[in-house]
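Let me begin by presenting the structure, written as structure tokens, before commenting on it.
Each reported figure results from applying straightforward, stated rules to the coordinates on display, with no laboratory input. Everything numeric in this text was worked out from a predicted model, so none of it was measured. We place every Cβ from the backbone using ideal geometry, glycine too, and count neighbours over all the protein chains shown.
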Amino acid sequence: MRIAVGVGRGDGGTLRTLAEDGTPAAPARIVPDLVAAIADQERAGAPRWVWPSTARLYPRLLDAGVRVARCHDLELVESLLLGHAGRYGEPRSVAAAWARMRGEPVPPDRPPPGAPPGQASLFDDDTGPAEPADDIGQIVAVHAAQQRAIAGLDGFPLLAAAESAGALVAAEMRHDGLPWSAAEHDALLTELLGPRPSGGLRPRRLQDLADRISAAFAPSSSPHPPPMEGASTLRPRAHVNPDSPAQILKAFASAGLPIPSTRAHVLKRLDHPAVPLLLEYKELSRLHTAHGWAWLDTWVSGGRFRPEYVVGGVVSGRWATSGGGALQIPRVLRRAVVADPGWSLVVADAAQLEPRVLAALAGDRAFTEAAAHGDLYAALADAFHDDAGGGLSARDKAKLALLSAMYGGGTGEAVQLLAVLKRRFPDAFEYVEAAARAGERGLLVRSRLGRTCPPPSAGWRELTAAGDDSGQGTAAQALRSRGRFTRNFVVQATAADWALALLGSLRRRLTALGAPSSSPHPPPISRRAPLGAPSSSPRLVFFQHDEVIVHTPAGLAADVTAAVHASADEACRLLFGDTPVVFPMEIAVVDRYADAK
């Protein structure tokens with residue numbers, strides 16, 4: 001059963017029961033308390049909720065302690081369908097989809113939840129305009145149109161369900177939060193940077209490095225007279241601001257070492273005493289800027305880090321964040337991710353996910369047989385043992401060849417190793433080559449479930465239509481660049497499909513693992529036990545690309561581990577059916593994230 005949800009003004013709203021194909025199965029009914037009505041219906045039968053945007057409505061339910069099992073997110077599915085039609089970037093709201101259906105002008109989308117408001121005037125009402133009530137008729141019509149479109153696209157029903165499930169997971173992870181020790185974080189920053197500074201000053205360690213960098217650029221002799229007796233013996237020197245690339249470039253040029261940029265790989269080629277200081281300064285400054293005390297104050301509260309995930313924020317289907325940088329937590333900060341007392345972190349990541357996805361996609365018999373083993377690169381190593389790639393182990397040769405095939409490497413050792421891959425695993429090689437050729441012709445390529453790459457721009461088409469004979473001009477470069485993109489897209493987007501299937505399966509299994517709510521150590525994540533998942537249930541609290549973290553009562557860690565393995569197997573079956581390719585999960589049960597790897 002499906003139930004369409006229209007959010008009204010205030011606490012109320014409208015519900016309408018639908019058949020699986022989207023046709024109305026009962027009259028619409030207005031409810032005075034939308035959250036309570038959804039809670040009652042979820043208890044009665046756990047329908048698939050059809051609503052415009054999980055990101056807009058579900059946090060409201062979570063704040064009231066209500067969790068749902070399934071949904072159909074109209075905005076996310078509309079984005080997938082627009083992408084499949086090569087219409088990336090068009091508005092995806094229900095109102096926009098309704099207007100397209102009727103041939104009317106398409107309104108722009110509303111800002112996403114959490115987006116900064118526009119500039120207010122002096123006499124603006126601080127509360128801002130109220131959100132318009134949803135039109136249940138438009139919701140029902142758009143959903144029915146989506147169901148008709150989805151039914152005709154192989155794999156798309158699963159993609160729509162997985163993307164919608166991902167939206168539920170994202171909202172729940174933000175609500176529950178990743179366990180984070182502010183004390184551990186502060187201690188780490190103090191250890192690396194010195195005490196917390198005030199007034200916008202540099203931390204002590206950064207200032208010390210900045211002073212030493214300036215000293216390293218000082219001339220060996222000074223034209224200034226010796227200091228008077230009792231005065232400081234420090235020699236005057238020019239100040240070099242390590243935060244200013246222009247000053248760094250000028251300082252190196254003055255030292256007779258002109259360089260094109262201050263990138264780390266450029267600096268490492270220089271023999272100068274300032275180089276190690278600059279490299280250390282860059283690393284610590286990056287930590288201070290991206291995850292320093294200001295970040296801690298903004299993003300961590302109540303022992304939880306709650307980032308804002310953006311489902312499908314990357315065209316390949318990978319997630320992004322609109323705040324908090326959850327997908328780029330530095331390794332050094334992982335010691336601040338600490339389980340609650342009596343709880344554990346189950347940290348799991350898919351081993352060599354994208355090469356295994358390629359094996360399953362291509363159906364190359366020799367390649368899939370190798371992918372049935374634990375270490376895929378080691379299983380392929382015999383193909384490269386006696387071939388080119390001097391200085392590398394056979395396993396490293398296999399890894400370099402596979403990554404070059406998927407990402408478009410074609411220089412140096414990679415050329416010779418790719419030739420070996422093409423000879424030994426022709427079907428796997430041809431799969432990504434075909435995707436590259438399609439991209440160079442301006443065609444669209446798709447993931448296993450139908451997620452579609454963006455079409456080339458009008459500028460790209462104009463540039464490549466002119467062509468050039470040298471093979472080295474801008475047109476040829478544009479062709480190769482798009483070929484590299486589509487070559488990787490078919491693999492990376494399918495890996496994103498697999499990860500979403502894993503999340504949906506794991507979320508369902510974790511709900512079933514809920515322990516009695518009388519657990520002595522319930523995590524502080526909800527005002528009351530949400531529907532279908534007691535407060536002592538294991539929780540998905542982190543996800544990035546191919547890695548998940550579950551926060552669980554310690555006594556359920558073994559069950560959670562089994563659930564992760566079973567979910568990976570289920571995701572494999574859903575996408576690839578009966579394949580010999582295995583998708584092993586490397587799992588660690590730890591008290592803190594830093595101990596997992």
Loop-resident sites, region 241-297, for trypsin sites (Lys or Arg not before Pro), counting at most 16 other Cβ within 10 Å (DSSP): Arg263, Lys268, Arg269
Spatially proximal lysines relative to Lys282 (Cα-Cα < 26 Å; intrachain offsets below 8 disregarded): Lys250, Lys268, Lys597
Region 7-104: trypsin sites (Lys or Arg not before Pro) in DSSP loop, at most 11 other beta carbons within 10 Å: Arg9
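Round to the nearest 0.05 the FRET efficiency obtained for Ala466 and Tyr88 when R0 = 30 Å and r is the Cβ-Cβ distance. Walk me through the intermediate numbers first.
Working: r = 24 Å, r/R0 = 0.81.
That gives a FRET efficiency of 0.80.
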Cα-projected label distance for Asp135 with Thr23, points at 7 Å along beta-carbon direction, nm: 2.3
0 to 90° range, to nearest 10: angle between helix 74-84 axis and the chain longest Cα axis: 70
Label-point separation in nm, Arg423 to Arg110, each point 7 Å along Cα→Cβ: 6.2
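For Leu392, Leu209, what ranking results if the residue with the fewest other Cβ atoms within 10 Å of its Cβ goes first?
Details: Leu392 15, Leu209 21.
Going from sparsest to densest Cβ surroundings: Leu392, Leu209.
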Cα-based convex hull volume of region 354-494 per residue, rounded to whole Å³: 100
The chain, dipole about Cα centre (Lys/Arg Cβ +1, Asp/Glu Cβ -1), debye to the nearest 20: 440
Gain upon complete extension [Val415, Lys597; 0.36 nm per residue less C-alpha separation]: 62.2 nm
For the chain, calculated [θ]222 nm from helices alone, where every DSSP H run of n ≥ 4 adds -39500 (n - 2.57): -14500 deg cm²/dmol
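To two decimal places, what compactness ratio does the chain give when its Cα radius of gyration is scaled by 2.2 N^0.38 Å?
The value comes to 1.12.
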Between region 83-100 and region 321-394, the alpha-carbon center distance in angstrom: 36
Fully extended contour minus Cα-Cα distance, from His265 to Asp297, at 0.36 nm per residue: 8.2 nm
FRET efficiency, His272 to Asp33 (Cβ-Cβ, R0 60 Å, nearest 0.05): 0.30
